[in-house]
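Any read-out appearing in this document is the output of simple, stated calculations on the displayed coordinates, not a laboratory observation. It should be emphasised that the depicted structure is a prediction, and the values quoted were computed from it without experimental measurement. Cβ atoms come from the backbone with ideal geometry, glycine included; neighbour counts cover every protein chain shown.
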Amino acid sequence: MYGAFPTDPYSHTPGGKGAQQPGMTGQVKEDILSRFGELGVFVEDGKLLFNPRLLRIGEFLKESKVFKYTNIQKEEKELVLEKDSLCFTYCQVPIVYKLAKKDSIQVIYADEKSVENDGLILNSEISNQIFARTGIVSSILVNLSEKKFK
């Protein structure tokens with residue numbers, strides 16, 4: 001019937017069988033993409049960059065908490081987050097935002113070595129390791145200038 005629209009939230013639900021969605025609905029995809037935009041995660045010229053201009057100060061933790069996630073090797077992991085931080089995963093790599101005096105990024109590798117850079121852009125090599133889910137990068141600490149949020 002022309003002009004009809006489904007009232008059921010699942011577009012692939014056969015009548016009488018209950019919800020049977022094979023993948024994410026458009027709304028779920030939109031919500032995920034919107035949230036990465038709010039968190040300020042972007043890719044430019046093959047480089048991962050962080051510019052959380054829509055993030056609110058109220059989203060940072062008021063007290064220390066444990067963040068649980070599944071890494072690329074399908075292992076359950078925990079990360080202790082400090083006050084004034086927040087965490088999310090990108091390509092299964094935990095990204096920790098922390099309020100700090102100046103912008104910088106610390107890349108922590110699986111062998112526990114780390115590299116720190118001023119600014120909020122990762123180089124192409126590190127970005128590609130994350131995109132390819134190599135497991136080489138264990139986590140990323142993004143220090144964000146507190147001035148951005150005042």
What length, rounded to one decimal in nm, is gained on full extension from ALA132 through to PHE149, with 0.36 nm per residue of separation minus their alpha-carbon distance?
2.9 nm
When a/c reaches 1.5 or more, the comparison of a/b and b/c decides; with that in mind, is the range 46-150 rounded, prolate or oblate per its Cα gyration tensor?
oblate
Between the modelled labels at LYS68 and GLU38 (7 Å from Cα along Cα→Cβ) the distance in nm is 2.3 nm
Long pairs among LYS68/LYS102; LYS74/LYS98; LYS62/LYS113; LYS68/LYS148; LYS47/LYS113; LYS77/LYS98, criterion Cα-Cα beyond 24 Å:
LYS68/LYS102; LYS74/LYS98; LYS62/LYS113; LYS68/LYS148
Highest average packing first - 47-54, 66-73, 112-119, Cβ atoms within 10 Å
47-54, 66-73, 112-119
